[in-house]
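Beneath this line is the structure, given in structure tokens, with notes to follow.
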Amino acid sequence: MQVITLAQTKTLLGLATDDTTYDTALSAAIPFIDSAVKQITGNRWNYRVAASFEDSATSVKILSVVSPKFFTSNGYYSSTDIIDEFLQVGQLISATGIPAGAYITEVYYNYPEGVIVSDNYIAEVDISETTTASGDTIACYLGIPIAYHPVIAKAVWWQSQRLNTTIDDTSWTSKSMGPVSVSKSDSDNRIDQQSGMPLWFVKALPRYMSGH
């Protein structure tokens, strides 16, 4: 799962859906930024969970947050022990039957109010879109929280300038693009030698232990 789509990038940059002026440049830049985000954060942002949901619903039951191949007979790798680490409000969620761009709006670790407690799932999440199908034990993929989308969209624009010489923008001390704006100090304008990305981008991203 890529950390951001072209449509999401254009929305955050204040570009109209039907304005295709920068589509080619932005589309070319997205894979570079996707890779940079995953390298810098130490997270692949495509963790698989098993889930069940009904058609035309806005909630998803999480059955397991760890692939069954990791479980042992003595329960060495317990899914409930790591639920806080993998389910986050704002996190993108993707699956057949869940519309593209949907994200988690609420996480219930102890079951939502009014729900009969059961042992067949370990958590329930509300999502931003209504499901278009029902499924039982469906593979879902968890992406990056949308909280990081504004800075990622800015990085896509920055990268597009490096890839496309037809975009003329030499000043990044203060930049506004539609509803998104950023101001940077001199130190933030510098390039991080390890990632090749601006420090304002590197400093804005979270860090995880590799392997997610």
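The values are calculated or read from the model by the stated rules, or taken from the named source; none is laboratory data. Remember, it's a predicted structure, so these values are computed and weren't measured experimentally. Reconstructed Cβ throughout: ideal geometry from the backbone, glycine too, with neighbour counts over all protein chains shown.
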- Task: Would you tally the residues in region 16-35 being over 11 Å from Ile4 (Cβ atoms), surrounded by 13 or more Cβ atoms within 10 Å (Cβ to Cβ), out of contact with any Ser or Thr (no Cβ under 6 Å at 6 or more places or on another chain) and among the hydrophobic types (A, V, I, L, M, F, W, C)?
- Result: 2
- Query: Do you know which residues across region 1-29 are more than 19 Å from Ala102 (Cα to Cα) and assigned to a helix (DSSP H, G or I)?
  - Reply: Asp23, Thr24, Ala25, Leu26, Ser27, Ala28, Ala29
- Considering each residue of region 6-53, count those that are under 14 Å from the mean Cα position of the chain (by Cα) and closer than 26 Å to Glu124 by Cβ, and give that number. 7
- Please enumerate the residues belonging to region 125-178 that are small (Gly, Ala, Ser), more than 26 Å from Ile93 (Cα to Cα) and either modelled with pLDDT of 90 or more or outside the structural domain of Ile191 (by TED's automatic domain parsing) (or both). Ser160
- Query: For region 51-81, how many residues meet the condition of being outside any loop (DSSP other than H, G, I, E, B), of a type outside the set (D, E, K, R) and modelled with pLDDT under 85?
  - Reply: 6
- Is it true that Asp84 is closer than 19 Å to Thr137 by Cα, acidic (Asp, Glu) and either at pLDDT below 95 or not in a loop (DSSP other than H, G, I, E, B) (or both)? no
- Message: Testing Val3 on (1) at pLDDT below 90; (2) buried (at least 19 other Cβ atoms within 10 Å of the Cβ), one condition comes back false. Which one is that?
- Response: (1)
